[in-house]
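A quick write-up on the structure given underneath.
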Amino acid sequence: MEESNSKYRVCFIDYIWYVAEEWSKREHDNLNGGALLFFCWLFVILIPVVIPLAFHYLGWSIAFAVGIPLCFLPDLFCKLRYTAGRCTALSEYYRGMKHIGRRLIRIILIAIALTVADFALMFHFGFLHGPA
């Protein structure tokens with residue numbers, strides 16, 4: 001089994017996905033791996049960075065036309081990346097993982113910190129403006 005799973009490389013996105021999937025299995029809630037990747041993508045990258053830059057450089061209509069399809073990117077990514085073979089390989093790789101809830105909270109807190117830092121930098125560099 002090691003030979004068949006060795007073709008998969010594990011990265012930080014896989015870790016985020018796996019922690020959320022295990023939490024969803026344990027607690028029977030709706031926060032699965034795809035949802036957590038979507039929220040991280042939306043609140044860490046798309047809203048604080050991509051959308052203000054697109055509005056600033058491209059204008060409202062083009063930024064809106066570019067922003068909406070980018071919202072669906074994590075869902076497409078998860079459907080293409082997390083096949084049955086990859087899910088099995090990730091289960092083998094993270095087999096002894098404990099404290100899933102703590103790891104999930106750590107991921108969420110890091111995402112919040114990155115979002116705040118993104119907005120602070122966007123204000124600092126003038127891409128976002130306060131009330132006039």
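The values are calculated or read from the model by the stated rules, or taken from the named source; none is laboratory data. On a predicted model such as this, the values are computed, not experimentally measured, just so you know. We place every Cβ from the backbone using ideal geometry, glycine too, and count neighbours over all the protein chains shown. Note: accessible area is taken over every heavy atom of the protein model, side chains too, but ligands, DNA and RNA are not part of it. Shrake-Rupley method; radii C 1.70, N 1.55, O 1.52, S 1.80 Å.
Cβ-Cβ distances below 9 Å connect the following pairs, each with a first residue in the range 90-104 that is in contact (Cβ under 8 Å) with a residue 40 or more places away in the chain, a second residue that is surrounded by fewer than 12 Cβ atoms within 10 Å (Cβ to Cβ) and of a type in the set (A, V, I, L, M, F, W, C), and a separation of six or more residues or different chains: Glu92/Met1. Out of Phe72, Phe55, Phe64, Phe77, I need the residue that is at pLDDT 90 or above and over 17 Å from Val19 (Cβ atoms). Which one? The conditions single out Phe72. Report yes if Ala117 is open to solvent by less than 70 Å² (accessible area, probe 1.4 Å), touching a Cys at 6+ places or on another chain (Cβ under 6 Å) and among the aliphatic types (A, V, I, L, M), otherwise no. Judged against the criteria, Ala117 is not a match. Taking residues in the range 17-30 that are more than 16 Å from Asp75 (Cβ to Cβ), and partners anywhere that are of a type in the set (Val, Ile, Thr) and in a helix (DSSP H, G or I), the pairs with Cβ atoms closer than 7 Å and at least 6 places apart or on different chains are Val19/Ile100; Val19/Ile107; Glu22/Ile100; Trp23/Ile100; Arg26/Ile100. Give the residue that is farthest from Phe39 (Cα to Cα), with candidates limited to residues of the range 84-100 that are small (Gly, Ala, Ser) and open to solvent by 60 Å² or more (accessible area, probe 1.4 Å). Checked the range 84-100; the qualifying residue farthest from Phe39 (Cα to Cα) is Gly96.
Can Arg81 be described as closer than 30 Å to Leu121 by Cβ and surrounded by 13 or more Cβ atoms within 10 Å (Cβ to Cβ)? Break it down stepwise before answering.
On the way: closer than 30 Å to Leu121 by Cβ: yes; surrounded by 13 or more Cβ atoms within 10 Å (Cβ to Cβ): yes.
Here the answer is yes, as Arg81 does meet what is asked.
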